[in-house]
1. Quick one: is residue 62 in a helix (DSSP H, G or I), within 23 Å of residue 550 (Cα to Cα) and at pLDDT 95 or above?
2. Which one of 514, 505, 509 is assigned to a helix (DSSP H, G or I), in contact (Cβ under 8 Å) with a residue 24 or more places away in the chain, among the hydroxyl-bearing types (Ser, Thr, Tyr) and under 15 Å from residue 240 (Cα atoms)?
3. Please identify the pairs in which a residue from the range 435-463 that is farther than 18 Å from residue 314 by Cβ and not assigned by TED's automatic domain parsing to the domain that holds residue 388 has its Cβ atom under 6 Å from the Cβ atom of a residue that is among the hydroxyl-bearing types (Ser, Thr, Tyr) and assigned to a helix (DSSP H, G or I), counting only partners at least 6 apart or on another chain.
4. Before we move on, is residue 202 hydrophobic (A, V, I, L, M, F, W, C), in contact with a helix residue (DSSP H, G or I) (Cβ under 7 Å, 6 or more places away or on another chain) and part of a helix (DSSP H, G or I)?
5. Identify, from the list 214, 110, 182, the residue that is crowded, with 17+ Cβ neighbours inside 10 Å, under 30 Å from residue 422 (Cβ atoms) and modelled with pLDDT of 95 or more.
6. Does residue 206 satisfy the criteria of being more than 29 Å from residue 72 (Cβ to Cβ), in contact with a Leu (Cβ under 8 Å, 6 or more places away or on another chain) and surrounded by 15 or more Cβ atoms within 10 Å (Cβ to Cβ)?
Amino acid sequence: MVRVFPWLLVAICCFAQKRDAEFAKVADRYFDECVFRYDPVSGTAAGFHQYDALLPSGSREEIDGQIAALKKMLPEVEGFGAQGLSAAAAADRELVLSSIRGQLLTLETIRPWEKNPDIYASGVSNAIFVIMSRSYAPLGVRLRAAIARERLAPRIFEAARANLKNPPRIYTEVALEQLPGIVSFFENDVPAAFKDVHDGELMAQFQQANQGVIDALKSYEGFLRKDLLPRSNGDFRIGADAYRKKLLYDEMVDIPLDRLLEIGYADLRRNQAEFKKVAAQIDPSETARQILDEAQQDHPSAGKLLETFKDTLSGLREFIERHKIVTIPTDIPPMVEETPPFMRALTTASMDTPGPFEKIAKEAFFNVTLPEKTWSAKETEEYLQGFNRGTIISTAVHEVYPGHYTQFVWIARAHSKVRKLLGCGSNAEGWAHYTEQMMLDEGYGNGEPRLRLGQLQDALLRDARFIVGIQMHTGKMTVDEARDFFVKEGYQVAPVAEKEAKRGTSDPTYLVYTLGKLEIMKLREDYRKAKGGRLNLQAFHDAFLQQGFPPIKIVRRALLGNDSPVL
């Protein structure tokens, strides 16, 4: 028997604390020198308001500067060995390394700054939205920050003209689709947000700066339509090699793409079979497609959509607390709002939470995209079918309780700055997608088959994303084929399929929803076995969320103490 002296344990602990503190300083420099310096808007979103008046230029010189800063930081973090760090800090080091490598892959290989005109216009919109949407400071203070950013905005469009070389046509088309809503945002929403400022001189400065952004946006729209669109002949596909690296750096997943496709198709077929089984419970005399068509007719009107979501949220929280599903560390519910204009072309619903370092403004927004007022009655009806009763429940679970909102409230409690700021889609989206099925499995809805049908329809949507993302970006599926796949195999209505196929061209790894869900399901089962076959669901969920939102590989190591396979 080896005797361990107490003084030795104390010495080891003190050494680990010292090493952890030294690494925390390196991580602080990474955020300051490589992230927020080049993306001050993300600093504002995180709750660091010293960045509020800043805006990146988007210039090639600035992009090259960030690449150089990342390449300088990479060997420093690599050279800071994991030896002597606590397990949590060693995992933080892995997260920083992956983040650096992922950013370099994006900037040097995928190069959205050279291919995607939408990132410039939507980026400017978001830069103002994060200032006006939360009351973290007096209105006048926030208006001054907005003016400072608006004055810097026109140079971004100058950079866009210089940077954009040969974008994919669909990227330019999406940018043009977004721009009218973005112009409207600056013409209407931004002035409305600051209408209660009564300083005449300040308001005059704002009107001048805001008009400058509107003029720049309209000029940019003309450039896209007349100049860039005719020469938009580029390829959106990132290719198999970049796809594999993106999964490795962003999600810490190194499973071969062929094997991932097998996993995706297997889950698709499982969910299709379950969908048919549930549909037969509703009416065995009709096909699953007929049942789906009927279920999609059961939706609120456009004017009642937000109200329906609000009513749904209160019932979800009550069920979670009564059945001890997971701890919700706040009594403040999110506000249900219409999706901001610059996000409407590619999303139907989303969650916008306060940053983990936000000290004052705690508003969170559950955004729902309403039908456009310019749509025909047929277009509106088709769109609303995607918000049938089953999918409304599934969406509310995914975005709020116990999905994104619940998780990101937990993130503010994470043990380090790294865990609060760095994570991945297969955790965040995987968790939210996992909860859709888990809540019904635990009895929410009392076994109502139409709710299960909605959950399965959303699962099929994510299965289709899984397959389409890989296939499109490795050259095995066109956008038109992807659109058809969402309808035929993913059981989606045409307007949703259109949005999803477009989104996949610029969001190649939106397989993270199903990928993460399957990883979490396996982790839960392995955790149950490690506990002798007994599972306290709330204890598992709380332990999972306590880790922040890193790749599941890191969560497995924390909860199981090993590096066993994620799938």
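The values are calculated or read from the model by the stated rules, or taken from the named source; none is laboratory data. As the structure is a computational prediction, the values presented were derived from the model and not from experiment. So basically every Cβ, Gly included, is an ideal-geometry build from the backbone, and we count neighbours across all protein chains shown.
1. Against the criterion (in a helix (DSSP H, G or I), within 23 Å of residue 550 (Cα to Cα) and at pLDDT 95 or above), residue 62 does not qualify.
2. Of the residues listed, the single one that is assigned to a helix (DSSP H, G or I), in contact (Cβ under 8 Å) with a residue 24 or more places away in the chain, among the hydroxyl-bearing types (Ser, Thr, Tyr) and under 15 Å from residue 240 (Cα atoms) is 505.
3. From residues that are farther than 18 Å from residue 314 by Cβ and not assigned by TED's automatic domain parsing to the domain that holds residue 388, there are no pairs.
4. yes
5. Result: 110 is the single residue among 214, 110, 182 that is crowded, with 17+ Cβ neighbours inside 10 Å, under 30 Å from residue 422 (Cβ atoms) and modelled with pLDDT of 95 or more.
6. It is true that residue 206 is more than 29 Å from residue 72 (Cβ to Cβ), in contact with a Leu (Cβ under 8 Å, 6 or more places away or on another chain) and surrounded by 15 or more Cβ atoms within 10 Å (Cβ to Cβ).
A quick yes/no check of all residues on (1) closer than 17 Å to residue 503 by Cα; (2) within 26 Å of the chain's Cα centre (by Cα):
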{"position": "108", "(1), (2)": "no, yes"}
{"position": "120", "(1), (2)": "yes, yes"}
{"position": "123", "(1), (2)": "yes, yes"}
{"position": "134", "(1), (2)": "no, yes"}
{"position": "142", "(1), (2)": "no, yes"}
{"position": "157", "(1), (2)": "no, yes"}
{"position": "162", "(1), (2)": "no, no"}
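Residues checked against (1) at pLDDT 90 or above; (2) within 19 Å of residue 394 (Cα to Cα); (3) surrounded by 14 or more Cβ atoms within 10 Å (Cβ to Cβ); (4) not acidic (Asp, Glu):
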{"position": "289", "(1), (2), (3), (4)": "no, no, no, yes"}
{"position": "316", "(1), (2), (3), (4)": "yes, yes, yes, yes"}
{"position": "329", "(1), (2), (3), (4)": "yes, no, no, yes"}
{"position": "332", "(1), (2), (3), (4)": "no, no, no, yes"}
{"position": "351", "(1), (2), (3), (4)": "no, yes, yes, yes"}
